[in-house]
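A.B. asks: Once you've had a glance at the structure underneath, I'll fire off some questions.
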Amino acid sequence: MIKLSSVLLVDDDQLTNDLNKRLLQELGVADQYLSANDGVQALAALEQLALDANPTSPVLVLLDVKMPRMDGMAFVDAYQQLPENQQQAVVIVMHTAFMSSDDLGRVESLPIAGLVSKPLTKEKLDTILKLHFQRRFPAS
């Protein structure tokens with residue numbers, strides 16, 4: 001499998017970030033893994049990652065919906081203000097344990113690649129990679 005350039009894990013629960021990072025590393029998904037605990041930290045990290053990213057070397061952002069300071073939806077709003085060339089090689093997948101019907105309606109209107117429920121598993125990750133990066137894990 002061709003690796004992604006980077007994965008940015010964004011969740012206010014550090015244990016979730018750590019577990020997701022371990023899974024991603026075990027599966028060899030990317031060359032680089034970063035984490036952030038809220039949208040403010042994630043936006044700063046993404047601005048740097050996006051400078052080096054391009055469509056053949058994309059960045060996956062696994063973004064929690066509910067976080068303090070700047071939640072996932074506010075992050076996406078801020079992300080849309082980045083220059084278009086920085087947005088082109090970024091794929092955002094929201095990651096949540098629970099979502100109200102109001103939140104779900106708003107998420108559906110956001111320019112994101114998808115929504116996946118917690119916890120992240122190899123199967124869910126394989127689906128994300130196939131759908132959004134045309135990559136898959138080798139058959140076991």
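Just so it is clear, none of the values below were taken in a lab; they were calculated from the coordinates. Values in this document were obtained by computation on a predicted structure and should not be read as measured data. All Cβ positions, even for glycine, are placed from backbone atoms using ideal geometry, and neighbour counts span all protein chains on display.
A.B. asks: For q = 0.12, 0.15, 0.17 Å⁻¹, what log10 I(q)/I(0) does segment 1-73 give under the Debye formula with an equal point scatterer on each alpha carbon and no solvent?
C.D. replies: For segment 1-73, the Cα-only Debye profile gives -0.30, -0.46, -0.59.
A.B. asks: Something else about it: Once you keep just the Cα pairs under 8 angstrom separated by 6 or more residues, what percentage relative contact order results for the chain?
C.D. replies: On the way: 219 pairs, mean separation 33.0, N = 140.
The value is 24 percent.
A.B. asks: Sort all Cα-Cα distances of segment 60-112 into consecutive 10 angstrom bins from zero, then give the percent of pairs in each bin up to the one containing the longest distance.
C.D. replies: Here the calculated profile for segment 60-112 is 23, 58, 18, 1.
A.B. asks: Per residue, how big is the convex hull of segment 4-133 when only Cα atoms are used? Give it in Å³.
C.D. replies: On the way: hull volume 12.3 nm³, N = 130.
Dividing the Cα hull volume of segment 4-133 by its residues yields 95 Å³.
A.B. asks: Starting from segment 59-124, pick out the chymotrypsin sites (Phe, Trp or Tyr not before Pro) whose DSSP state is loop and whose Cβ has at most 16 other Cβ atoms within 10 Å. The partial results should precede the final answer.
C.D. replies: Numbers: sites: Phe75, Tyr79, Phe98; in loops: Phe98.
Passing both the DSSP loop test and the Cβ count: Phe98.
A.B. asks: So, one more: Test of understanding: in a Gaussian network model of the chain with alpha carbons linked when under 10 Å, which of Thr96, Thr16, Thr56 would top the mean-square fluctuation ranking?
C.D. replies: It is Thr56.
A.B. asks: Considering only Thr127, Asn17, Val61, whose Cα is most displaced toward the positive end of the charge dipole of the chain, charges sitting on Cβ of Lys, Arg (+1) and Asp, Glu (-1)?
C.D. replies: It is Thr127.
A.B. asks: Here is a follow-up. I want to verify a result. In a Gaussian network model of the chain, Cα cutoff 10 Å, which of these has the top mean-square fluctuation: Gly114, Gly39, Gly72?
C.D. replies: Fluctuation is largest for Gly114.
A.B. asks: When the helix-only estimate is applied to the chain (DSSP H runs of n ≥ 4, each -39,500 (n - 2.57), divided by the residue count), what is the mean residue ellipticity at 222 nm, nearest 500 deg cm²/dmol? Each step should come with its number before you reach the end.
C.D. replies: On the way: 6 runs with 60 residues, N = 140.
When only DSSP H runs of four or more count, the value is -12500 deg cm²/dmol.
A.B. asks: If the only charges are +1 at each Lys and Arg Cβ and -1 at each Asp and Glu Cβ, what is the size of the charge dipole of segment 4-133 around the Cα centre, to the nearest 20 debye?
C.D. replies: Roughly 260 debye for segment 4-133.
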